[in-house]
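Accompanying notes for the structure given below.
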Amino acid sequence: MQWIPEYRDDVPRVERFNLLARSTHWIHTVTFLLCLFTGLALFLRADWLAVIFGGFRGAGLVHRIAAVVMTVTILTAMVIGVKGVIAWLKDLLRFGMNDIGFLLKFPAEFLGLKVKIPPQTRFNGGEKMNSMVTPTMVFLLMISGWIIWWPSIWWPGLVRASYWIHDIAMILATIMVSMHAYLGSFHPGSGESFWGMWKGTVRADWAQHHHTIWYDETYGEKAQAEAE
Ligand code: HEM
């Protein structure tokens, strides 16, 4: 493990995430964690956790407030940032041999071994997997959560199934979010990506090394020639 590398503005930097993507990401992070800890207090009937939110009633209230903020933020960002959402989906659909190569070699890199990773697009093979699983789980959490909230308007079987879906999606999303948080901050070599989500830019040399295809297409000679 390492600390997040120093932010350097004395070297060339390139934009990675715009303000809308960054604010949506961080509002989602905060509301997800609030839902997780309040949800765990309810799920485990854990007094020691509920007491932080003023008891079980407080935990239920914080859970609902965070859930509303999360739902409104995600839906608004999807409408305002529809172009970005389409670009992100297009990148996911570019899943190819280079992504399979990434997934095969990543365990060795994760353990600190030196391996040559094939060139990656805007999101590498691991990020593409995370982008498929985590948003799916978050959508399942949102849909099942709204059903649980108003049980009297749905059939009892759907409400019971929604509790199961909510709990299983919570476990899977939490595993994915934990790995994502580590890889996007403290993992040696990938820590620079944190600055992309915090300040919006990453070092150009890091982008060229970690996301060669994306860098060439967006900022490289080919992109510059097309822009002229
Ligand atoms: C829009 C998003 C969400 C909505 C509308 C929602 C709604 C709800 C509601 C109404 C409850 C029942 C609360 C009570 O009994 O007082 C609940 C429970 C719970 N929620 Fe959520 N929630 C959402 C997101 C999340 C997220 C992101 C997580 C975790 C990552 C989560 C984890 C849980 C857990 C673990 C429970 C306890 C379930 C049980 O007792 O079996 N929820 N949620």
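The values are calculated or read from the model by the stated rules, or taken from the named source; none is laboratory data. Worth saying up front: this structure is predicted, and the values here are computed from it rather than measured. Heads up, the Cβs are rebuilt from the backbone with ideal geometry, glycines too, and the neighbour counts pull from every protein chain shown.
Taken residue by residue, the stretch 174-183 has at least one member that is under 30 Å from CYS35 (Cβ atoms), within 19 Å of the chain's Cα centre (by Cα) and polar (S, T, N, Q).
Quick grid of which residues meet (1) over 21 Å from the mean Cα position of the chain (by Cα); (2) not hydrophobic (A, V, I, L, M, F, W, C):
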position	(1), (2)
LEU158	yes, no
GLU192	no, yes
MET197	no, no
HIS209	yes, yes
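For every residue, the table says whether it meets (1) buried (at least 17 other Cβ atoms within 10 Å of the Cβ); (2) at pLDDT 95 or above; (3) not in a helix (DSSP H, G or I).
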position: THR29; (1), (2), (3): no, yes, no
position: LEU34; (1), (2), (3): yes, yes, no
position: PHE37; (1), (2), (3): yes, yes, no
position: LEU49; (1), (2), (3): yes, yes, no
position: ILE100; (1), (2), (3): no, yes, no
position: PRO107; (1), (2), (3): no, no, no
position: THR121; (1), (2), (3): yes, yes, yes
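Could you go through the stretch 190-211 and let me know if any residue there is within 16 Å of the ligand (Cβ to nearest atom), without any contact (Cβ under 8 Å) to a residue 24 or more places away in the chain, in contact with a helix residue (DSSP H, G or I) (Cβ under 9 Å, 6 or more places away or on another chain) and aromatic (Phe, Trp, Tyr).
Here is the first cut: in the stretch 190-211, the residues within 16 Å of the ligand (Cβ to nearest atom) are none.
Scanning the stretch 190-211 turns up no residue that is within 16 Å of the ligand (Cβ to nearest atom), without any contact (Cβ under 8 Å) to a residue 24 or more places away in the chain, in contact with a helix residue (DSSP H, G or I) (Cβ under 9 Å, 6 or more places away or on another chain) and aromatic (Phe, Trp, Tyr).
Filtering the stretch 137-166 to residues that are exposed (fewer than 14 other Cβ atoms within 10 Å of the Cβ) and either in contact with an Asp or Glu (Cβ under 8 Å, 6 or more places away or on another chain) or outside any helix (DSSP H, G or I) (or both) leaves TRP150, TRP155.
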